[in-house]
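See below for the structure under consideration.
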Amino acid sequence: MSVSRCWNVPGLPSGSEPVRPDRRRWLRAGTAAGTLALLPGGVADVLALPVGPTGARLAAGTPSSTALGAAVQRAVHQIVDHPRVLDDPLAVKIVGAESAAMQAAVDRRSRGLRAYVAMRSRHAEDRLAEAVARGVRQYVLLGAGLDTFGCRNPHEASGLGLRVFEVDHPATQAWKRGQLAAAGIVPPPSLTFVPVDFETQRLEDRLRDSGFDPRQPAFFSMLGVVVYLTEDAMNATLRFVASCATGSGITFSFTLPPSRLGGAALASRERSMAAMAALGEPWLTFLEPETVPGRLLALGFGTAAVLTSEQANRRYFGDRADGLRVPASSHMADAGV
């Protein structure tokens with residue numbers, strides 16, 4: 001199967017312009033009719049589920065609510081933001097056209113989150129492209145959620161042979177595969193799903209069993225994940241990446257601790273943390289950007305750097321007329337073996 005089949009998104013061709021203001025008006029009208037009523041059945045079912053501990057939700061076969069939330073933000077970005085920071089022609093399709101169109105009317109308070117979700121995916125794909133240029137041929141997405149890179153892998157289409165390994169909890173991954181099938185998106189041979197139950201299985205074992213070659217360098221991404229991990233779990237994951245073959249690397253997102261925030265930013269953080277705790281997915285780990293490089297070097301990496309929100313805004317959001325920006329509390333880290 002050619003990768004180009006994955007790029008065929010009805011109503012949203014690659015490079016197409018986002019919707020103009022007249023479409024935004026009917027999107028707003030649609031939202032007024034009720035959020036869940038407009039969502040496709042599978043997505044509505046996820047959002048309507050009773051809250052509870054993440055482990056219980058996953059054990060019951062329910063996907064992570066945060067995976068859906070990030071996917072919706074990527075889809076909305078394709079529709080309402082111009083120019084796009086992340087060009088993902090499958091983002092709308094995998095969520096469902098109706099829900100993505102409805103969510104385009106989400107109020108302005110979500111713009112910072114949408115910018116961050118789009119930026120972190122774009123940054124990861126930029127860093128991956130640099131790794132591929134250096135000869136890396138394995139890409140591992142930790143906590144892949146509904147990320148669509150594996151189905152639009154340009155490095156496979158160009159004949160470079162990049163293998164993509166998507167790691168996630170079995171429940172979330174089964175849900176994703178159902179979403180792909182419902183959307184008519186056929187995963188290419190270069191994409192391998194790696195379901196991992198971290199309560200009973202080791203990441204390195206499951207990767208190796210799935211065809212990952214630890215003797216060859218690999219690039220890893222961990223987007224929107226660190227904040228939900230304990231510090232010990234984060235460190236163990238990073239140590240594993242640091243133990244991989246020379247030439248390997250990782251990019252991951254992280255956020256400032258509440259103690260570094262004040263005023264409206266702190267109030268917004270407190271609301272977000274309360275909402276996620278109520279969903280059974282509390283925020284656990286925060287990092288100080290000044291200390292991250294030293295932490296990474298101590299864990300075994302040879303190089304380490306931080307992309308601050310200010311730097312990300314200059315790189316990815318400069319000269320925009322719409323004012324779309326990454327929040328000051330949201331950062332990226334990059335490390336190499």
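The values are calculated or read from the model by the stated rules, or taken from the named source; none is laboratory data. None of these values were measured; they are calculated from a predicted model. A quick note on method: Cβ atoms are made from the backbone with ideal geometry, for glycine too, and the neighbour counts reach across all protein chains shown. All accessible areas refer to the heavy atoms of the entire protein, side chains included, with ligands and DNA or RNA removed. Shrake-Rupley method; radii C 1.70, N 1.55, O 1.52, S 1.80 Å.
List, in order, the whole-Hz ³J(HN,Hα) value for each residue of region 320-325 obtained from phi through the Karplus relation with A = 6.51, B = -1.76, C = 1.60 and θ = phi - 60°; use x for Gly and Pro.
7, 7, 8, x, 5, 8
Cβ neighbours within 10 Å, averaged per peptide: list 235-243, 70-78 in order, most packed at the top.
Working: 235-243: 18.4, 70-78: 26.2.
Ranked by mean Cβ neighbours within 10 Å, highest first: 70-78, 235-243.
Taking a ≥ b ≥ c as the square roots of the eigenvalues of the Cα gyration tensor of region 217-330, is the shape rounded (a/c under 1.5), prolate (a/b larger than b/c) or oblate?
oblate
For region 174-186, take each phi angle, set θ = phi - 60°, evaluate the Karplus expression 6.51 cos²θ - 1.76 cosθ + 1.60, and give the result in whole Hz per residue in order, putting x for glycine and proline.
Once θ is set to phi - 60°, the couplings for region 174-186 become 5, 4, 4, 5, x, 4, 4, 5, 5, 8, x, 9, 9 Hz.
Would you mind getting the accessible area per residue of region 213-259, heavy atoms of the protein chains only, 1.4 Å probe, in Å²? Please report the intermediate quantities before stating the final value.
Numbers: 1730 Å² over 47 residues.
Counting only protein heavy atoms, the per-residue value for region 213-259 is 37 Å².
Sort 265-276, 216-227 by packing, meaning the average of other beta carbons within 10 Å per residue, with the highest value first.
So the peptides 265-276, 216-227, ranked by packing, come out 216-227, 265-276.
Name the long-range amide H neighbours of F165: under 5 Å, sequence gap of 5 or more, or other chain; modelled H, no Pro or chain starts.
Amide H neighbours of F165, under 5 Å, 5+ apart: Y139, V140, L141, T192.
Give the long-range amide H neighbours of L307: residues separated by 5 or more places, or on another chain, with amide H under 5 Å away, using H modelled in the peptide plane at 1.01 Å from N.
M332, A333, D334
Taking the highest mean first, how do the peptides 82-89, 294-301 order by number of other beta carbon atoms within 10 angstrom per residue?
Details: 82-89: 18.2, 294-301: 16.8.
Per-residue Cβ counts within 10 Å, averaged per peptide and sorted highest first, yield 82-89, 294-301.
Could you give each residue of region 125-142 its phi-based ³J(HN,Hα) in whole Hz, using Karplus coefficients 6.51, -1.76, 1.60 with θ = phi - 60°, and x for Gly or Pro?
5, 5, 5, 4, 4, 5, 5, 4, 5, 8, x, 5, 10, 10, 10, 10, 9, 8
Can you tell me how region 106-150 classifies by the Cα gyration tensor, rounded, prolate or oblate, using a/c under 1.5 as the rounded cut?
Working: a/c = 4.29, a/b = 2.19, b/c = 1.96.
Taking the square roots of the gyration eigenvalues as a ≥ b ≥ c, region 106-150 is prolate.
Out of residues 5 or more away from G247 or on other chains, whose amide H comes under 5 Å of its own, with H placed 1.01 Å from N in the peptide plane?
For G247, the qualifying residues are V337.
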